[in-house]
1. Apply the Karplus curve 6.51 cos²θ - 1.76 cosθ + 1.60, θ = phi - 60°, to the phi angles in segment A:165-179 and return the couplings in whole Hz, x for Gly and Pro.
2. Testing the spin-label approximation: label points 7 Å from Cα along Cα→Cβ at B:Phe215 and B:Glu46. State their distance in nm.
3. Hey, in the GNM for chain B with a 10 angstrom Cα cutoff, which one of B:Ala163, B:Ala37, B:Ala132 fluctuates hardest?
4. With an 8 Å cut-off on Cα pairs and a minimum separation of 6 or more residues, tell me the relative contact order of chain B in percent.
5. With both partners inside the protein assembly as shown, how many of the DSSP beta bridges are antiparallel, as a percent to the nearest 5?
6. In chain B, what residue has the beta-carbon at the shortest distance from the axis of the rotation relating B to A, and what is that distance in angstrom, rounded to the whole number?
7. Have a look at chain B and give its Rg and Dmax from the Cα atoms, expressed in angstrom.
8. Report the Cα centroid-to-centroid distance between segment A:87-153 and segment B:153-202 in angstrom, as an integer.
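Derivation of every value follows stated rules applied to the coordinates shown; laboratory data play no part. This one's a predicted model, so the numbers in the text were calculated from it and none came from an experiment. Reconstructed Cβ throughout: ideal geometry from the backbone, glycine too, with neighbour counts over all protein chains shown.
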There are 2 protein chains.
Amino acid sequence: MLFYLRFEFSPTSMENIIYLREFYWSCMPGSHWKRIAGKEIPSSLELYPIIYDYLENGWNILDIGCGGGKVSISLASRGYSITGVDLNREGIELAKDAASRLSPAGKPEFREGDAAELPFQAGEFDLAVMQAFLTTIVEKEMRSRIIREAGRVLKPGGFLYIAEFGQNWHLKLYRKPYLQDFPCTKEEGSFLARNPESGEVEFITHHFSEKELVFLLVDNGFEIDYFKVEEFSTRTGNRVNGFVVVAKKV
Amino acid sequence: MLFYLRFEFSPTSMENIIYLREFYWSCMPGSHWKRIAGKEIPSSLELYPIIYDYLENGWNILDIGCGGGKVSISLASRGYSITGVDLNREGIELAKDAASRLSPAGKPEFREGDAAELPFQAGEFDLAVMQAFLTTIVEKEMRSRIIREAGRVLKPGGFLYIAEFGQNWHLKLYRKPYLQDFPCTKEEGSFLARNPESGEVEFITHHFSEKELVFLLVDNGFEIDYFKVEEFSTRTGNRVNGFVVVAKKV
C-alpha cells in the first residue's frame, strides 16, 4: 500500500502526531480486521428486504466478511444454504459457536478466509452478500480485486448484494473528517475511525460516492440490477445515507 | 464561457458534428432559457412538504427561476406572499396570466429578471425557492454567483429551499450521456438534453453530486439545515434521484 508520511503541521494538526503510530498500523491492509476481537466487529446494519426478492430455494449463498455471523445466521434460520467467510479467526469461532445452537436444518457454515482469495471453486454460489464490508477495504485496487473475486465464485448470472455507506457531505460530522483526514487517507470519502470512548484511532473507514460504487461494479464484471439510497445506522448510532445494491454477474 | 471545440472523432462521435451548431448555441449561458417558449419550460417537480415546516405566516418568499409560475401560484394560493422571477419573458407573461385568475388575496407577483442580478434590495425575503433551477445553469462559477445573489436578497438567517437533480450513475440511461457528452460539456454530471421526439439537442443539463451541491452552498454563505435524497420525475417521465435541501443563510 502507498503510505505517505505527509502531515500539515498547523497548530490543530499537532494532534495528528499523537495518533501517528496507531494510524500507521491501521494502514496495514486488513490488519485491524484480522486483529480485532471477534465481538468488536461492527454489525449495525440489517439486511434490506430487497434481498428476498432475489433469493430462490436451493440457492447457495456466500456471506463475504461475515464477522460474527449475524447475516449468515439470519439467512440460515430462514432455510437458506449459506457459508460465511471472514479474515477474523475469533469472529469465525463466535459465528460457529452461535450456529451450533441452531437446528441442524438451518446451520450456516463458516470458514476463515480472505475476500481477495476466497477458499472456494469458481461458480460455487448463486448469490454473495457484502454487508458493510467494502467500507473496511481502504485500498481502491484491493476493492476491485475483491469484486472480481466475488464474480469468480458466483455462477454465471449470479447476484451480488451490497449494503454500503455513502459519502455524507451534507453532515458536518462526516464532512469535517473527510477533509481533515484526507492528507492521511489519500482517498476522498475515507477517514480515521476512532474509539468513541478513548478517541484513539482504530481503523480507516471508506464511504463511497455513487459514481465510485457503480464503477467498482461495472468495471469489474457486474451490471447494476437494483440501486437505492437508504438511511443506515452506524456502529456509533449515527443516521447516514448508504446504498443498497444488487449487481448481476455479466 | 469557456467553450472548447474538441471532439473525439471516433465512428460513433460523427453524430456529434451534426449537433455542433445547436450545441454551440445551447452553450450560451441562459440563451436557451431566454428563447424557449414559456409553456415549454419544464416543471415536473412538486414542492416537497418539508418546505411547510419552515414557512411562517407573513413571510416574503422569492421563487427563483419561476418559469410559468407553478410553484409561486401553488404557494400564493395557500396564502403566502410570493414573488416569482425568471429570465423568460413569455414564462412571466404566462405566470401573470395564470395569477390574474386567482383571488386578490392569493396573488403572487412576477417579474422578469436574472438570478445572477436579482432586481431586489438586500434582505427583502425570508425564504427563496429554487425548484430544479440550478440544473439549467451550466457554468460552475455562475452557479456560485447565483447562490451568493440569493443570499444577498435573503434576510439574515433566511432560508433557501432547493430541489435539484442528482447524478444518477446507477442508471445506464444517464451514465452513458454523462460520459459521452463530457468532451462537450467539460463538466462531470452534465449532458446534452435532446428533444424527446426529434432527438435534437435543446440545452445542457447539469446533475449534481452530493459533494458538489453541499459545497456550492457552504462555500457561498449557507449552512445545510435539511438534506434528503428523494426520487424525482424528469420532464420525460424518468424516475431519478435528486436532493431536497434547505440551507440557512449564515
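1. 5, x, 6, 10, 5, 6, 9, 4, 3, 9, 4, 4, x, 4, 6
2. Between B:Phe215 and B:Glu46, the simple spin-label model gives 3.5 nm.
3. B:Ala37
4. Values: 483 pairs, mean separation 47.5, N = 250.
Answer for chain B is 19 percent.
5. Details: 48 of 86 bridges.
So the antiparallel bridges amount to about 55 percent of the total.
6. So the closest residue, with its distance, comes out as B:Val229, 2.
7. 18.1, 60
8. First find each Cα centre; the distance between them is then 39 Å.
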